[in-house]
Amino acid sequence: MTTSEVAATWDADRIRAADKAYVIHSWSNQGAVNATPIAGGEGAWFWDHEGNRYLDFQSQLVNMNLGHQHPRIVEAIRAKAAEMCYIGPNYAEQSRAQLAELMAEVTPGDLRMSFFTTGGAAANENAIRLARHVTGRQKVVARYRSYHGATAGAIALTGDPRRWHAEPGPTGVVRMFDPYTYRCPAGHPDPCPVCTGAPHLEEILQYENPNTVAAVILETVTGTNGILPPPPGYLRSIREVCDRYGIVLIFDEVMAGFGRTGEWFACDHWGVTPDILITAKGLNSGYVPLGAMTVDERISDWLMNNKFWGGLTYAGHPLACASGVASIEAMREERIIENAREMGARLNAGLHRLAERHPSIGEVRGLGLFQGLELVRDRATREPLVPFNPVGEAGAPMQAVVAAAKKRGLYLSANNNVVRLTPPLVIGAEDIDLALDILDDVLVHADAAGVS
Ligand code: PLP
């Protein structure tokens with residue numbers, strides 16, 4: 001039998017049983033895993049073996065910016081596989097060279113050279129190491145409401161509770177607060193030292209000694225930990241502080257990049273360019289694992305005379321790079337960024353209409369198709385619908401919303417008390433409206449948990 005004939009003998013029950021027995025799932029107690037076998041997908045939709053269809057309002061892990069089975073990316077992988085599946089990173093290869101050239105074109109400012117990795121965490125690891133080598137310094141400032149990946153260095157940078165289980169980790173990470181205007185840790189006076197950026201960072205640098213700080217890393221728009229766009233002026237003021245002290249500024253746009261916010265990169269909204277830009281996910285919609293570290297002119301020039309102490313067997317994998325090239329070409333030719341902007345505006349307007357009807361909606365926020373609903377028990381006190389890092393029953397009201405949506409065919413995700421709305425950027429108006437209708441119905445579960 002051929003490989004595909006064998007695959008055809010695997011029905012849903014056999015897949016489910018083997019998955020349960022042999023696959024270790026991410027961030028889960030394996031006994032509690034009950035993963036649905038999935039049969040296929042197209043555009044903003046995917047379906048299981050029983051024929052249940054799901055509107056993918058999560059783009060899986062917020063990576064499938066061009067949706068499921070985009071024909072152009074599938075064809076590029078097929079063509080590259082027929083030509084050459086793999087060649088080591090020490091050779092020059094067409095798709096790798098082309099993707100690097102395209103990265104220099106679509107990324108902002110003077111970002112120029114790219115190192116390709118297998119995902120976001122590996123790209124962040126390399127960025128931190130490179131920043132340390134370039135500056136000769138050790139410390140890195142990162143924020144609490146962040147996720148930077150699951151490898152040793154990236155999880156140490158991460159603020160969210162997944163870090164706890166990797167501790168004690170590498171030393172040298174210094175933490176700063178996030179510009180979370182709805183729940184500002186500084187009480188949000190006017191002007192707010194945290195939400196304007198520079199005063200809070202300056203204070204931390206004085207305590208730490210700025211001459212020991214190699215890098216500041218942040219998600220331009222925080223993703224996993226709450227969909228938090230920065231206030232206007234925030235990124236620029238962080239940029240200015242970094243410039244003043246010779247600190248490398250790293251923007252982690254693994255989630256926010258490649259059209260998600262309605263611009264190529266979220267930092268384009270504010271015209272601020274980092275020294276190092278980290279991307280993955282939407283770079284090729286995850287069809288083959290891929291991430292990138294793209295560095296500016298100054299660091300590119302530095303690399304011409306200094307060794308880059310980083311490497312991966314799969315750095316610049318041809319199948320991944322070919323899919324990245326096809327993805328950028330499709331984004332350019334198919335009005336993907338414009339669609340993200342238009343559909344994002346439609347979604348945001350619909351969410352604001354829902355907020356008029358549902359007292360559990362504390363705040364609607366986001367850019368493009370990177371939207372979040374912060375759910376509360378009481379709008380006046382802003383008491384969150386579930387506590388931070390809820391355990392067991394404490395998280396039930398949020399789980400009720402997500403489960404009810406799934407039952408209606410809307411695949412959503414939530415973290416703490418924020419529902420994330422991040423569909424593929426190819427989505428159409430009809431599907432946005434369908435999701436809003438379903439949300440209107442399922443938010444009653446959140447309303448019911450609130451003050452009467
Ligand atoms: N950075 C951000 C902002 C992310 O959202 C993620 C993953 O969700 C990562 C880094 C890690 O990327 P990966 O899982 O590809 O290693």
* In the stretch 336-372, how many residues are charged (D, E, K, R) and either within 21 Å of the chain's Cα centre (by Cα) or modelled with pLDDT under 95 (or both)? -> 5
* Asked: Can you name every residue in the stretch 151-172 that is open to solvent by 60 Å² or more (accessible area, probe 1.4 Å), within 23 Å of Ile278 (Cβ to Cβ) and more than 22 Å from the chain's Cα centre (by Cα)?
  -> Glu167, Pro170, Thr171
* Looking at (1) open to solvent by 40 Å² or more (accessible area, probe 1.4 Å); (2) of a type outside the set (Lys, Arg); (3) on the phi < 0 side of the Ramachandran plot, can you tell me which one Ile204 breaks? -> (1)
* Structure fact -> Among the residues of the stretch 258-274, the number that are open to solvent by less than 10 Å² (accessible area, probe 1.4 Å) and either more than 11 Å from the ligand (Cβ to nearest atom) or in contact with a Phe, Trp or Tyr (Cβ under 7 Å, 6 or more places away or on another chain) (or both) is 9
* Tell me, which residue of the stretch 105-130 that is of a type in the set (D, E, K, R) and assigned to a helix (DSSP H, G or I) is farthest from Phe258 (Cα to Cα)? -> Arg129
* To do: At least 1 residues that are closer than 30 Å to Asn284 by Cβ and within 18 Å of the chain's Cα centre (by Cα) in each: list the strands (runs of 3 or more DSSP E) lying fully within the stretch 173-256 that qualify.
  => 213-219, 248-252
* Asked: Would you say Ala394 is at pLDDT 95 or above and hydrophobic (A, V, I, L, M, F, W, C)?
  -> no
* Structure fact -> For the stretch 372-393, pairs from a residue that is closer than 16 Å to Val442 by Cα to a residue that is open to solvent by 60 Å² or more (accessible area, probe 1.4 Å) and at pLDDT below 95, with Cβ under 9 Å and 6 or more apart or across chains, are Arg377/Val451
* What is the number of the single condition among (1) within 16 Å of the ligand (Cβ to nearest atom); (2) assigned to a helix (DSSP H, G or I) that Ile278 does not meet? -> (2)
* To do: Kindly indicate the residue of the stretch 360-385 that is touching a strand residue (DSSP E or B) at 6+ places or on another chain (Cβ under 8 Å) and assigned to a loop (DSSP other than H, G, I, E, B) and also farthest from Gly257 (Cα to Cα) among those meeting that condition.
  => Arg379
* With respect to Asp243, is the statement that it is open to solvent by 60 Å² or more (accessible area, probe 1.4 Å), assigned by TED's automatic domain parsing to the domain that holds Asp296 and closer than 27 Å to Asp268 by Cα true? -> yes
* Pairs with Cβ under 9 Å, 6+ apart, first in the stretch 220-237 and free of Cβ contacts under 8 Å to residues at least 40 places away in the same chain, second within 12 Å of the ligand (Cβ to nearest atom) and of a type in the set (Val, Ile, Thr) -> Leu235/Thr220
* Asked: Assuming Gly169 fulfils every condition listed in (1) more than 23 Å from Gly291 (Cβ to Cβ); (2) within 16 Å of the ligand (Cβ to nearest atom) apart from one, which condition is it?
  -> (1)
* Asked: Can you pull out the residues in the stretch 41-82 that are more than 16 Å from the ligand (Cβ to nearest atom) and in a helix (DSSP H, G or I)?
  -> Pro71, Arg72, Ile73, Val74, Glu75, Ala76, Ile77, Arg78, Ala79, Lys80, Ala81, Ala82
* Asked: Which ones in the stretch 221-257 are of a type in the set (S, T, N, Q) and within 14 Å of the ligand (Cβ to nearest atom)?
  -> Thr222, Thr224, Asn225
* Structure fact -> Selection from the stretch 94-108 of residues small (Gly, Ala, Ser) and either over 19 Å from Ala266 (Cβ atoms) or without any contact (Cβ under 8 Å) to a residue 60 or more places away in the chain (or both) yields Ser95, Ala97, Ala100
* Asked: Restricting the search to the stretch 104-150, which residues are of a type in the set (Asp, Glu), open to solvent by 60 Å² or more (accessible area, probe 1.4 Å) and within 11 Å of the ligand (Cβ to nearest atom)?
  -> none
* Might you check whether a residue that is open to solvent by 40 Å² or more (accessible area, probe 1.4 Å), more than 16 Å from the ligand (Cβ to nearest atom) and over 16 Å from Lys139 (Cα atoms) occurs anywhere in the stretch 209-220? => no
* To do: For the stretch 75-91, state whether one or more residues are of a type in the set (Gly, Ala, Ser), over 30 Å from Lys407 (Cα atoms) and open to solvent by less than 20 Å² (accessible area, probe 1.4 Å).
  => yes
* Determine whether the stretch 301-321 contains at least one residue that is within 15 Å of the ligand (Cβ to nearest atom), within 26 Å of Thr222 (Cα to Cα), modelled with pLDDT of 95 or more and open to solvent by less than 20 Å² (accessible area, probe 1.4 Å). => yes
* Structure fact -> Within the stretch 338-353, the count of residues that are hydrophobic (A, V, I, L, M, F, W, C) and open to solvent by less than 10 Å² (accessible area, probe 1.4 Å) comes to 3
* modelled with pLDDT of 95 or more, touching a helix residue (DSSP H, G or I) at 6+ places or on another chain (Cβ under 8 Å) and either open to solvent by less than 50 Å² (accessible area, probe 1.4 Å) or more than 19 Å from Val248 (Cα to Cα) (or both) - does that describe any residue in the stretch 182-190? -> no
* Structure fact -> Checked against (1) in contact with a strand residue (DSSP E or B) (Cβ under 7 Å, 6 or more places away or on another chain); (2) open to solvent by 40 Å² or more (accessible area, probe 1.4 Å), Ser4 satisfies every condition except (1)
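The values are calculated or read from the model by the stated rules, or taken from the named source; none is laboratory data. Everything numeric in this text was worked out from a predicted model, so none of it was measured. Glycine gets a Cβ as well: all are built from the backbone with ideal geometry, and neighbour counts include every protein chain shown. Note: accessible area is taken over every heavy atom of the protein model, side chains too, but ligands, DNA and RNA are not part of it. Shrake-Rupley method; radii C 1.70, N 1.55, O 1.52, S 1.80 Å.
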